[in-house]
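A short write-up of the structure that comes next.
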Amino acid sequence: GVVVDNQTGSPVTNFEAIQGAAWTIEAVRFISSGLYRTSESGSFRCESNYSHNPPRPGRFGVRIRAPGYLPADTPVVMMGERIDPVTVRLRRGPPIVGTVAGPDGAAVAMADVAWVGPGRKATIQDGKLSTDYSDRQEYSVSTDEQGRFELPPSEETGVTTWLSSAVR
């Protein structure tokens, strides 16, 4: 497929293509790696390497995330199906920004901040946000030295949560 700006039609050249899958009627889960790649033409290619066992047929899709844009999904297909190349049109959106402060009001540097959307949860394991399960937060970031953070744009309803080894 190809990723373009919805208003201008120009290729979006810095994005993340996140593969997602589901084996029941639940929504396809997308887990961000936070790694963006550059494609001068805005093109991407994803192939499913998931296996499935009938009678639980799998479904597969791709979510595109890019800085300054709201995420957008490709059509979801059944495992084993092929689809023609798609054009993913991204709409601009404001990031989720904020500052983390401790009980004393001082900025908390290097705190883990996660955005937790519908059907997801943030779990703390050994003093850190856990990443070992499929319904975890889709993405997380660390605060800077002034306690500031910036998460990608979203139109979904969710919560922002944070954890710091300095404040417990």
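The values are calculated or read from the model by the stated rules, or taken from the named source; none is laboratory data. Because the structure is a prediction, the values reported are computed rather than measured. Ideal geometry is used to build each Cβ from the backbone, glycine not excepted, and the neighbour counts take in all protein chains shown. The protein model used for the area step is the full one, side chains on, heavy atoms only, and it has no ligands, DNA or RNA in it. Shrake-Rupley method; radii C 1.70, N 1.55, O 1.52, S 1.80 Å.
Structure above, values below:
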read-out	value
Residue within the range 137-148 that is of a type in the set (Ser, Thr, Tyr), over 30 Å from Arg45 (Cα atoms), surrounded by 18 or more Cβ atoms within 10 Å (Cβ to Cβ) and at pLDDT 90 or above present	yes
Which numbered condition Ala109 misses (of (1) modelled with pLDDT of 80 or more; (2) surrounded by 15 or more Cβ atoms within 10 Å (Cβ to Cβ); (3) within 25 Å of Glu155 (Cβ to Cβ))	(3)
Number of the condition not met by Arg37 [criteria: (1) within 23 Å of Glu150 (Cβ to Cβ); (2) open to solvent by less than 80 Å² (accessible area, probe 1.4 Å); (3) modelled with pLDDT under 85; (4) not hydroxyl-bearing (Ser, Thr, Tyr)]	(2)
Residues satisfying the stated conditions in the range 87-105, i.e. modelled with pLDDT under 95 and aliphatic (A, V, I, L, M)	Ile96, Val97, Val100, Ala101
The range 72-84, subset within 22 Å of the chain's Cα centre (by Cα) and open to solvent by 50 Å² or more (accessible area, probe 1.4 Å), residue modelled with the lowest pLDDT	Met78
Condition met for Asn6 (in contact with a Ser or Thr (Cβ under 6 Å, 6 or more places away or on another chain), modelled with pLDDT of 70 or more and either open to solvent by 50 Å² or more (accessible area, probe 1.4 Å) or not polar (S, T, N, Q) (or both))	no
